[in-house]
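The values are calculated or read from the model by the stated rules, or taken from the named source; none is laboratory data. Fair warning: this is a prediction, and the values are worked out from it, not measured in the lab. Cβ atoms come from the backbone with ideal geometry, glycine included; neighbour counts cover every protein chain shown.
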Amino acid sequence: MKFAEIGKQVQEQRSLEYWKSLEARLPKETLERILNAVVLLQQKVDSGKLAEKVAVAYRKLLIKLGVLVHGELDNVNVVTAELAKPERKGRLHHFIAAYNYYREANDIKEKLDVRRDKRRPLPVLTPESTLQASLVIPTQLRWRCYFRLLYECGPRPCEPFQMRKQDINFDRQLVRIGSEKRSGACLQRELPISPLLTEQLRTYTAQKNPEDYVFTKPYVPNKPMDYHDCQHVMNQIKKQLSAAGYNIRGLCLYVYRHAFATRLYNATKDLALVSRSLGHRNLETTMIYIHLHPDQPRRFDVESCAIQDKEAISRYLAEGWELALQTTETVYFKRPRWIP
């Protein structure tokens, strides 16, 4: 029997056991109404209006929410009180979206009254020592390769899933990165890798064909890994780092991308190079990934003015200011600062 068939049987058995365990935790009527929402989610998936992974996540959130409110999902006030708790803040918008599908499927007219803080969270960059320590914690070679690739090249966490062995140039120590994302195709680029990562990838992919995926599931060799697999390993890494006394504030899969952009900018001061390395189409997106440390002295004075203010632009250029960045509304100028 093939590994794929065994994996499918195990998954079906686990699913059956999971639903049986829910019968002891939730009332039968609540389960039936959750199933109505699951049917609606599947219809959205079939019509192309919702991704399958998102539908699965919403289903899990509805079940979790049902357990938290002890089966009172039809009581909007109880659900609102539960979602208003501080510990729900991290995934609040996901809970709200999932519950809105539940309301639609079960014809509940009353709406949730949960106020969300829509301000963008302040960026937090995990210390470099923590990131470097996280690279040696995984015991499996594939996870060491994956996390070192995130650290050295700064791809989106999902981009390595589409990498094939032919995308790795072992002689020149280069990797080709680029994949499809929901907003469209992102830019393809070639990035250098260290000799250590080159040898790790060479050893890990020794038995793979050029067309095979580099990072695959352990029991389904032809299927690439997904985000949930990596998140599970990331959680284990965070636990070990926290137990060892490291500062894990802000540590997640995407922080490696932020750290890569910050290191590259500090080394080159070339914003266009950082943008191309990250696969961005505009510089405004790149600016989100660059973190400035307060203890670093500023080497430039910065001024800005509206792009329509031609007099101010001419004055800055005449005073020796250099054009640093131009957006759709603002022009930024810089001038070297003397640092004693």
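Against the test of being within 20 Å of residue 155 (Cα to Cα), surrounded by 18 or more Cβ atoms within 10 Å (Cβ to Cβ) and of a type outside the set (A, V, I, L, M, F, W, C), the options 216, 205 yield a single qualifying residue, 205.
So that you can scan it fast, the table gives a plain yes or no per residue for (1) under 22 Å from the mean Cα position of the chain (by Cα); (2) surrounded by fewer than 16 Cβ atoms within 10 Å (Cβ to Cβ); (3) at pLDDT 95 or above:
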| residue | (1), (2), (3) |
| --- | --- |
| 156 | yes, no, no |
| 161 | yes, no, no |
| 172 | no, yes, no |
| 176 | yes, yes, no |
| 179 | yes, no, no |
| 185 | yes, yes, no |
| 191 | yes, no, no |
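Scanning the range 112-142 for residues that are modelled with pLDDT under 85 and either surrounded by 10 or more Cβ atoms within 10 Å (Cβ to Cβ) or within 21 Å of the chain's Cα centre (by Cα) (or both) yields a total of 12.
When the range 59-95 is filtered for residues that are of a type in the set (A, V, I, L, M) and within 20 Å of the chain's Cα centre (by Cα), the ones remaining, listed by number, are 61, 92. Out of 233, 274, 255, one residue alone is at pLDDT 90 or above, closer than 30 Å to residue 335 by Cβ and either of a type in the set (A, V, I, L, M) or surrounded by fewer than 16 Cβ atoms within 10 Å (Cβ to Cβ) (or both). It is 274.
For the range 151-177, the set of residues classified as among the acidic types (Asp, Glu) and either in a helix (DSSP H, G or I) or closer than 16 Å to residue 213 by Cβ (or both) consists of 152, 159, 167, listed by residue number. Only residues that are out of contact with any Lys or Arg (no Cβ under 6 Å at 6 or more places or on another chain), touching a residue at least 40 places away in the same chain (Cβ under 8 Å) and outside any helix (DSSP H, G or I) were counted across the range 226-248, and they come to 4. In this structure, residue 195 does satisfy being farther than 13 Å from residue 160 by Cβ and modelled with pLDDT of 90 or more.
For beta carbons closer than 8 Å, sequence separation of 6+ or different chains, a first residue in the range 55-71 that is in the same structural domain as residue 96 (by TED's automatic domain parsing) and hydroxyl-bearing (Ser, Thr, Tyr) and a second that is surrounded by fewer than 18 Cβ atoms within 10 Å (Cβ to Cβ) and modelled with pLDDT of 85 or more, the qualifying pairs are 58/94; 58/97.
In the range 277-316, of all residues being charged (D, E, K, R) and at pLDDT 85 or above, the one that is farthest from residue 149 (Cα to Cα) corresponds to 311. Here residue 212 meets the list (1) of a type in the set (Asp, Glu); (2) more than 23 Å from residue 235 (Cα to Cα); (3) under 19 Å from the mean Cα position of the chain (by Cα) almost entirely, failing just condition (3). For the range 62-79, check the following and say yes or no: at least one residue is aliphatic (A, V, I, L, M), outside any loop (DSSP other than H, G, I, E, B) and under 21 Å from residue 226 (Cα atoms). No: zero hits.
Please work out if residue 292 is outside any helix (DSSP H, G or I) and in contact with a strand residue (DSSP E or B) (Cβ under 7 Å, 6 or more places away or on another chain). Taking the combined requirement at face value, the residue does not satisfy it.
Residues are listed down the side, and each one gets a yes or a no for (1) part of a helix (DSSP H, G or I); (2) closer than 24 Å to residue 227 by Cβ; (3) in contact with a strand residue (DSSP E or B) (Cβ under 8 Å, 6 or more places away or on another chain); (4) polar (S, T, N, Q):
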| position | (1), (2), (3), (4) |
| --- | --- |
| 87 | yes, yes, no, no |
| 93 | yes, yes, no, no |
| 104 | yes, no, no, no |
| 107 | no, no, no, no |
